[in-house]
Structures are given as C-alpha cells and as structure tokens.
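This report concerns only the one structure given below.
The values are calculated or read from the model by the stated rules, or taken from the named source; none is laboratory data. The structure displayed is predicted, hence computed values, not measured ones. Neighbour counts run over all protein chains shown; Cβ positions are idealised from the backbone, glycine included.
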Amino acid sequence: MQSEGQSTNFPINPTTFQWEQNLQLPVTATRHHGEGFSLVGVGCLPFKRKKETFCSHFSSDGKFLATAGPEKVVAFWHMKHRSKIGSKTGHSLPITDVRFVPNSHVVATSSYDKTVLIWEDPKTGRPPVRLEEHINQVLSLDFHPKRENLLCSSDGIDEIRFWDINRGSCIHIFQGASKQVRFQPLFGRFLATCSDNVVNLIDVETSKICARFEGHENEVQSICWDPNGIYIASISEDSARLWSVFEHNCLHELHATDNKFQCCTFHPKYWLHWVIGAEQSLELWNPLDTNKTWKFEAHMDAVSSLASSLDTEMIASTSHDELIKLWK
C-alpha cells in the first residue's frame, strides 16, 4: 500500500549511493510468512527485585544484554546462562538509553542528568568516563558501526553532539534530534534521528540533513534501521512507517488499531519483518507483504524497549511491568 507520507529532499550526488545500491538482501529477508509465522517466548530474566526498564541493547556477539531505566542502574546479563553478571551506578537521574560499542563490551548510557557515561569494563570497579557538556536532558545515544571511537548523543533541545571517546571530548555540535539517534548499520554514512513527528536522515560527514521524512501525526517514539541500512522504520503511538533511504519516501504505513505503538526493532532472522512493541503485546509486521500484523501477548503493561541480536537471533523486550522477556 502506497502511503501519503512525504519527504523533503535535499541535493545529493547520486554516486554517493552506488556502493549501497549493489547490496543484495539475504534470502531469508524476502521470505513471505502468513498466519503460520510465530514468535516464541524462550525465557524471562530473573530479577531478585523487579526494576522498571526504559532501554536495552545486545552486544554485537549477542552474548550480553544491557538494560537500564529509572532506577539509575545499568544491569548486565549473560545470555547463555540467563543470569545477571553485574550492575553499575553513576547517574543521578533516570537512564534514557544504553548502547554497546560495536564488537566490544564497552557500554555507554545517557541520562536525564545531562550526562553520558562510558563503562569500559562491566566486570571491574573502574569508574566510568563522564561526558558532561550537554545543557539539557540527554535522551539518546549511539556508536558509529566502523569508527568505534565516535559516539553520537542528542538532548531535549534538539542538539546533537559527536564525541571522540578516546579523548573524552566533544568534536562537533549541530541540530536535528531529540528523541532518538541511530547510525546506519554496516557503513555509518547516515544518521537517522527523530524529533517531534519528523524523521531526519543526516549525512555523517557533513552533518547536513539530506532528507526529512514527514507524515506522522504524533510524536515519533522510536526508529530502527534494517541490518543492511536500506530502510528505516519509525513508530508513533498511532502508526508505523517504513522509509526508503534511496527513494526518500514512505513505502508502507500501518495504523495502530486497539494498541498504541511504543517501539520497534527488526526481526533478527527475517530482516524485512519488524517487531513492534505496543501495549502489553508484540506485533509482527511484514510491510512488503501485508497491511496487517500478527499479535502476540507479551507483557502486563506497555512495552518500553526492544533489542535484537543477529548472531543469536534473539529478541529482548522490556516493559513497565518490570519484566525482561526473551523471544525467538
């Protein structure tokens, strides 16, 4: 179904896209699944004392999961043993986002306390590196997939900062994001951001907005790339949209019915299927095949975050019901 979503295009040299247009999607990404498609719960991480969680992220190898939230604590989980291996405290206000450095177990967290903390080794008592130049609540962060010393963070006044974590210093400041920032997988040429009801596509080298994806009526809650960096999914409470990085338009739109959408991630096995976190449920959506979803009851309260691991094909869901569940 073609959507009425619009994008504002900015001049780009078409040759900059050539290296990506030759990519071939894996066979699994094009398989169509109907009523038989399933999502199976495979576990629930054991808290000694339940804690509400806002955010989660898998390490690149899928061996570890980091979770954090209003308790101001980042917790680390060993996926093979389904056990908590440690936790870190350092923020004075709730944690808003958590991300692993690619191919590493170094973790960064952002917080309402206006800081970013980098935890070099979760297993030691070494204090974190503190990045403290934001003047407003830091709402999101992400690491570049190839330049592992490059960290991006965004705050509540639409300010984006690039940091060199080796030096612990800010190297660039520009505007364009508040709610969430996510680098394009594999290459990192682009940065996807969201602010209010708009998704921005930013050229990392120039820091210029090369496309503005407009069409959501409500605030965008969550954005996610497919693993090849070709599509961006965006979620607001009333709809989900799939955008083309090359064509700069909305390819498909899904309207929420009885569930408010909260967050999204790609399915780690079937890359063009998206998992949407809603109120108490997960919804599977194949936008290239159908305009409907398959709903799976998951939590007793709204889903607050989703994380996917390509290596283990695992999905983690967190919720305001204070549970962390695992799915395949």
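A few remarks follow.
- For the range 271-328, filtered to residues that are under 19 Å from the mean Cα position of the chain (by Cα) and β-branched (Val, Ile, Thr), the residue that is nearest to Pro46 (Cα to Cα) is Ile324.
- Of all residues in the range 129-148, exactly one satisfies the criterion of being among the polar types (S, T, N, Q) and within 16 Å of the chain's Cα centre (by Cα), namely Ser140.
- Residues in the range 39-70 that are farther than 23 Å from His144 by Cα and either part of a strand (DSSP E or B) or hydrophobic (A, V, I, L, M, F, W, C) (or both): Leu39, Val40, Gly41, Val42, Gly43, Cys44, Leu45, Phe47.
- Residue in the range 165-174 that is at positive phi and of a type in the set (Gly, Ala, Ser) present: yes
- When the range 163-184 is filtered for residues that are outside any loop (DSSP other than H, G, I, E, B), surrounded by 19 or more Cβ atoms within 10 Å (Cβ to Cβ) and not aliphatic (A, V, I, L, M), the ones remaining, listed by number, are Trp163, Gln180, Arg182, Phe183.
- Residue match in the range 270-291 (condition: hydroxyl-bearing (Ser, Thr, Tyr) and over 24 Å from Ser60 (Cβ atoms)): yes
- Considering only residues in the range 91-129 that are out of contact with any His (no Cβ under 8 Å at 6 or more places or on another chain), among the small types (Gly, Ala, Ser) and in contact (Cβ under 8 Å) with a residue 24 or more places away in the chain, the one that is surrounded by the fewest Cβ atoms within 10 Å (Cβ to Cβ) turns out to be Ser104.
- Candidates Leu151, Leu186: the one that is under 22 Å from Leu131 (Cβ atoms) and either without any contact (Cβ under 8 Å) to a residue 24 or more places away in the chain or within 19 Å of the chain's Cα centre (by Cα) (or both) is Leu151.
- Only a single criterion out of (1) in contact with a helix residue (DSSP H, G or I) (Cβ under 7 Å, 6 or more places away or on another chain); (2) buried (at least 20 other Cβ atoms within 10 Å of the Cβ); (3) not small (Gly, Ala, Ser) is not satisfied by Phe246, namely (2).
- Near pairs, Cβ below 7 angstrom, 6+ apart or cross-chain, from the range 51-63 (closer than 16 Å to Thr312 by Cα) to any residue that is among the basic types (Lys, Arg) and at pLDDT 95 or above: His57/Arg99
- Filter result for Asn218 (free of Cβ contacts under 8 Å to residues at least 24 places away in the same chain, in contact with a strand residue (DSSP E or B) (Cβ under 6 Å, 6 or more places away or on another chain) and either in a strand (DSSP E or B) or more than 20 Å from Leu186 (Cα to Cα) (or both)): yes
- Residue in the range 62-83 that is touching a strand residue (DSSP E or B) at 6+ places or on another chain (Cβ under 9 Å) and under 18 Å from Val181 (Cβ atoms) present: yes
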